[in-house]
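Below is one structure, written out as structure tokens; the observations come after it.
The values are calculated or read from the model by the stated rules, or taken from the named source; none is laboratory data. Just so it is clear, the model here is predicted, and its values are computed rather than measured. Quick reminder, even Gly has a Cβ in these numbers, built from the backbone with ideal geometry, and neighbours come from all protein chains shown. Keep in mind that these areas ignore ligands, DNA and RNA; they rest on the heavy atoms of the full protein, side chains included. Shrake-Rupley method; radii C 1.70, N 1.55, O 1.52, S 1.80 Å.
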Amino acid sequence: MYTLLTELLGYLVKYTDSFQLVSDDRYHWYNVIIYNIYSVVTYIYFFYIYWKISNDKTYKKWVLYGAFISMASFLISLFFQNPNYSHLYVAELISSIFLLMAVVLYFKEKFQWHNIHSMKYNLMFWTSVGLVLFYAYFPSTLLVLYWAQPWYNKLHLHDWLIGLIFVLYGTFLVGVLIHRRKEFQ
């Protein structure tokens, strides 16, 4: 629901003049602040989920450290970038790396106890697959967008990004549709 509301607000800001988040009229359609806030909330949420479902105390500590470093990177980025006008791409890269680490730790822990066949009914398995597919690509796309925009356009990376968003939410949806509550461990 939060994602849907974020996307709706982002659309309204970008395409409706009555919604404006920045005071400079040249940037009245900028909606990047919405997605910066969304990123922070999303990372906190997933770090919490992976911390909560882990049974290994060492893994829990690593996920917690990753979450703290991730949030610190967002705070530090505020000194170098204005979140109203720019994605916090370095913080996104750092957070993505630590989120991927949390997912790998989850897979490592769960595959010790389950085989891949039994995981197909586990909602977190499908969520994790979607996160790996998306966050392995997303931060590098942001870096290319800010440091080599002609390549971003030439390689149609935005189209790939949109496709991966569909893959991300598609895997979430598959998990929601086929999961069995007893498998969520």
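Per-structure values
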{"quantity": "For the chain, alpha-carbon Rg relative to the globular expectation (2.2 N^0.38 Å, N residues)", "calculated": "1.11"}
{"quantity": "Test item: Cα-centred dipole of region 25-158, Lys/Arg +1 and Asp/Glu -1 on Cβ, debye", "calculated": "320"}
{"quantity": "0 to 90° range, to nearest 10: angle between helix 32-53 axis and the chain longest Cα axis", "calculated": "10"}
{"quantity": "The chain: relative contact order in percent, alpha carbon pairs under 8 Å with at least 6 residues between", "calculated": "19"}
{"quantity": "Rounded percent of accessible protein surface that carbon and sulfur make up, region 50-113, 1.4 Å probe", "calculated": "72"}
{"quantity": "For the chain, accessible area per residue (1.4 Å probe, heavy atoms of protein chains only), Å²", "calculated": "61"}
{"quantity": "Degrees, to the nearest 10: 57-77 long Cα axis against longest axis of the chain", "calculated": "0"}
{"quantity": "DSSP loop chymotrypsin sites (Phe, Trp or Tyr not before Pro) with at most 16 other Cβ within 10 Å: longest gap in the chain", "calculated": "122-183"}
{"quantity": "The chain, helix-only ellipticity at 222 nm - DSSP H runs n ≥ 4, -39,500 (n - 2.57), divided by all residues, nearest 500", "calculated": "-24500 deg cm²/dmol"}
{"quantity": "Region 100-179, relative contact order [Cα under 8 Å, separation at least 6], %", "calculated": "44"}
{"quantity": "Lysine pair number, Cα distance threshold 14 Å (strictly under), the chain, separation 8 or more or different chains", "calculated": "8"}
{"quantity": "Nearest-ten-degree value, helix 89-113 long axis tilted from longest Cα axis of the chain", "calculated": "10"}
